[in-house]
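Notes follow once the structure below has been shown.
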Amino acid sequence: MELDVSSVADTKPKHVAELFDLKGRVAIITGGAGLLGYYHGAILNAAGAYVVLLDLPVANPQLRARQLATEYGSEALGIATDITSEVSLQQARAQVLERFGRIDILINNAANNPKVEEGSTNWSRLENFPIEIWDADIRVGLTGAFLSSRVFGSEMAKRKSGVILNIASDLALIAPDQRLYRIEGVPEDQQPVKPVTYSVVKTALIGLTRYLATYWSGANIRVNAISPGGVFNNQPEVFLNRLNQLIPMGRMAHRDEYQGAILFLCSDASSYMTGANLVIDGGRSCL
Ligand SMILES: NC(=O)c1ccc[n+]([C@@H]2O[C@H](COP(=O)([O-])OP(=O)(O)OC[C@H]3O[C@@H](n4cnc5c(N)ncnc54)[C@H](O)[C@@H]3O)[C@@H](O)[C@H]2O)c1
């Protein structure tokens, strides 16, 4: 039988660099001046994207964007934005469009991240959890992701092209193991715990991911989530020893270990992927 040459041409793999190339694309990262947001920005910038870091004024996103541009060469813009305010997001959108003329990628990364592993009073316990903290955590992590998706996603929908990536957590899949946060000698009813809002926000983001993926499938917007495990950031030794025993790989993630997944999900390398949640947690949630 003769070989059909046209079908052979179709199966030729794309050039690797082409799959991951983001040249000319504009990527917005909420909470972009924080610990991981900057690393997400770095990999997208290195792949050629124009990166926009949105963050509260106190986090100085303008300075972080200048650092990013200096380090990775591609243009970067920092805009002081409160993602809990739709007006603030609309102002940011106007600035991005004025500067770059388009929006291709949104990473919903901002969240309130209370460091209970560093010890705290008993405010974190369910019985005492202040309703003001509940409201504030939901407002940043969940409402902020919804508003950002609406403001920037609508712009992508107009152009019928875009990618949204929601940053969830391994705690979107498993319950927190509250033994990790125990402080010896503290009475049971005062032991610190991982706040309920963290689990609620991160699990809800997976729901938002699926909803948006189907809602905007006709507009050619792909929407996915990643569920990262904890990142090593000089946590107390007692906490590390306990947590590492729960992780098959025996350690927390390095700060740059999500960059491959971020680039994959924001680029054409994941062109047939939407509504999915990529779990990257050293095996923690498979136990
Ligand atoms: N660090 C980890 O171990 C880890 C693990 C799993 C998931 N995550 C998730 O990754 C994301 C980034 O985590 P991180 O460690 O970089 O946290 P981070 O606290 O360093 O960064 C979060 C950023 O969000 C910003 N932010 C808060 N409220 C905002 C608002 N109203 N408007 C705009 N920006 C606002 C903060 O100023 C901060 O810069 C979070 O969603 C977090 O839950 C982190």
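Taken together, the values in this text are just the output of simple stated rules run on the coordinates, not laboratory data. Because the structure is a prediction, the values reported are computed rather than measured. Neighbour counts are summed over all protein chains in view; Cβ atoms, including those assigned to glycine, are modelled from backbone coordinates with ideal geometry.
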Review point. Cβ under 12 Å from G48's Cβ, G48 left aside: what net charge do those residues give with Lys, Arg +1 and Asp, Glu -1?
Key: -2
Check your understanding: When all C-alpha to C-alpha distances in the chain are sorted into bins of 5 Å, what percent of pairs does each bin hold, rounded to whole numbers?
Key -> 1, 5, 12, 15, 17, 16, 12, 9, 6, 3, 2, 1, 1, 0, 0, 0
Study note, to complete from the structure: Listing V231, V279, V163 by rising number of other beta-carbon atoms within 10 angstrom, fewest first, gives V231, V279, V163
**Study point:** For region 55-70, 3J(HN,Hα) per residue [Karplus equation, 6.51 cos²θ - 1.76 cosθ + 1.60, θ = phi - 60°, Hz, x = Gly/Pro]
**Key:** 6, 5, x, 4, 8, 6, x, 5, 5, 4, 5, 5, 4, 4, 4, 5
Study note, to complete from the structure: Loop-resident trypsin sites (Lys or Arg not before Pro) in region 124-215 with no more than 12 other Cβ atoms inside 10 Å, DSSP not H/G/I/E/B, are K160
Review point. What percent do you get for the relative contact order of the chain when only Cα pairs under 8 Å and 6+ apart count?
Key: 18
Practice item. Starting from the Cα gyration tensor of region 185-275, take the square roots of the eigenvalues, sort them a ≥ b ≥ c, and report rounded, prolate or oblate (rounded when a/c is under 1.5, otherwise prolate if a/b is larger than b/c, else oblate). Key: oblate
**Study point:** Derived scalar couplings ³J(HN,Hα) [region 257-272; Karplus, 6.51 cos²θ - 1.76 cosθ + 1.60; whole Hz; x for Gly, Pro]
**Key:** 7, 9, 5, x, 5, 4, 5, 4, 6, 8, 10, 5, 4, 10, 4, 10
Review point. What's the FRET efficiency of L63 with V186 using the Cβ-Cβ distance as r and R₀ = 41 Å, to the nearest 0.05?
Key: 0.55
Review point. With contacts defined as alpha carbon pairs under 8 Å and 6 or more residues apart, what's the relative contact order of region 83-162 in percent?
Key: 53
Review point. Could you give the distance between the Cα centres of region 68-91 and region 143-176, to the whole Å?
Key: 16
Practice item. Among the lysines, select those whose C-alpha is under 27 Å from the C-alpha of K202, and discard any that sit fewer than 8 residues away in the same chain. Key: K115, K194
**Study point:** Rounded, prolate or oblate (a/c below 1.5 giving rounded, otherwise prolate when a/b exceeds b/c) for region 20-119 by Cα gyration tensor
**Key:** oblate
